[in-house]
Amino acid sequence: MAAALDLVGPRLRRVREQRGVTLTEVAHLTGISKSTLSRLENGQRRPSLELLLPLAQTYRVPIDDLVGAPDVGDPRIRLKPRRVNGRTVLPLTRPGGIQAWKIVIPTSQSEPKPRTHDGFEWLYVLSGRMRLVMGDQDVVLGVGEAAEFDTQVPHWFGSTGDGPAEVLSIFGRPGERMHTHAQTTTSESAH
């Protein structure tokens, strides 16, 4: 037990640094003093549930990740599909960190309604054809095609109107980014 608790501090520091936030910023977000946070990270203060819960929420990680709880039981994720804005959304990850969903977009969702928010998104078309409007770009992606973009750019994705589309969406908050590499064609590189 003592050995596990000794590892909490370094985990807290690593997660904070991965998020690119300072102790002062975390103190502001959690209401925990900067000195307490520093002592936690340096192992000079034992972690308590009162301290770990707001940190897990702020860092958007399961508390198990902070304390290094061993993996137990069935690793499968059994989250229920739900309807969100007329789409069927099946979560593929638990809340916290990078999020993944399978989204079924009905034919009726073909009218762009661009929006912006913090983060970075990666989309992969599993079936059908998906229309992606991003800033002044308007493209159609087919099965096996992927797109990635900063979600602060006005964006919308939906059906082309020809049929439903199934899409894998991976979303990360600032500082959490998935990398893909696209090849440019001769005609694209001429622009």
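The values are calculated or read from the model by the stated rules, or taken from the named source; none is laboratory data. Remember, it's a predicted structure, so these values are computed and weren't measured experimentally. Virtual Cβ from ideal backbone geometry, glycine too; neighbours counted across all protein chains shown. Heavy atoms of the whole protein, side chains included, go into the accessibility calculation; ligands, DNA and RNA do not. Shrake-Rupley method; radii C 1.70, N 1.55, O 1.52, S 1.80 Å.
Against the test of being buried (at least 18 other Cβ atoms within 10 Å of the Cβ), modelled with pLDDT under 90 and among the hydroxyl-bearing types (Ser, Thr, Tyr), the options Ser187, Ser108, Ser159 yield a single qualifying residue, Ser159. Residue count for segment 38-91 under the criterion of being part of a loop (DSSP other than H, G, I, E, B) and at pLDDT 85 or above: the result is 7. Based on this model, can you work out whether Pro10 counts as surrounded by fewer than 16 Cβ atoms within 10 Å (Cβ to Cβ) and closer than 23 Å to Thr93 by Cβ? In short, no. Among the residues of segment 13-28 satisfying the criterion of being of a type outside the set (Val, Ile, Thr) and within 19 Å of the chain's Cα centre (by Cα), which is nearest to Phe120 (Cα to Cα)? Step by step, filter segment 13-28, then rank; the result is Arg19. Within segment 111-125, restricting attention to residues that are open to solvent by 50 Å² or more (accessible area, probe 1.4 Å) and touching a Pro at 6+ places or on another chain (Cβ under 9 Å), the residue that is farthest from Thr88 (Cα to Cα) is Asp118. Residues satisfying the criterion are present in segment 126-138 (criterion: closer than 29 Å to Val21 by Cα, in contact with a strand residue (DSSP E or B) (Cβ under 9 Å, 6 or more places away or on another chain), at pLDDT 90 or above and surrounded by 15 or more Cβ atoms within 10 Å (Cβ to Cβ)). For residues in segment 92-105 being touching a strand residue (DSSP E or B) at 6+ places or on another chain (Cβ under 9 Å) and over 16 Å from Gly163 (Cβ atoms), which is modelled with the highest pLDDT? Only one residue tops the list, namely Lys102. Going by the structure shown, is Lys113 basic (Lys, Arg) and touching a Leu at 6+ places or on another chain (Cβ under 6 Å)? No; evaluated as a whole, the condition is false for this residue. Of all residues in segment 38-64, those satisfying the criterion of being surrounded by 14 or more Cβ atoms within 10 Å (Cβ to Cβ) and of a type in the set (Gly, Ala, Ser) are Ser38, Gly43, Ala56.
Pairs linking a residue in segment 127-147 that is under 12 Å from Ser159 (Cβ atoms) to a residue that is in a loop (DSSP other than H, G, I, E, B) and among the acidic types (Asp, Glu), with Cβ atoms under 7 Å and 6 or more positions apart or on different chains, are Arg129/Asp162.
Scanning segment 2-39 for residues that are in contact with a Pro (Cβ under 6 Å, 6 or more places away or on another chain) and of a type in the set (A, V, I, L, M) returns a single hit, Val8. Is there any pair with a first residue in segment 18-31 that is within 15 Å of Glu50 (Cα to Cα) and free of Cβ contacts under 8 Å to residues at least 12 places away in the same chain and a second that is of a type outside the set (Gly, Ala, Ser) and outside any loop (DSSP other than H, G, I, E, B) whose Cβ atoms are under 8 Å apart and which are 6 or more apart or on different chains, and what are they? Within 8 Å, the pairs are Ala27/Lys34; Ala27/Leu37. Of all residues in segment 127-177, those satisfying the criterion of being β-branched (Val, Ile, Thr), over 16 Å from Gln109 (Cβ atoms) and outside any strand (DSSP E or B) are Val143, Thr151, Val153.
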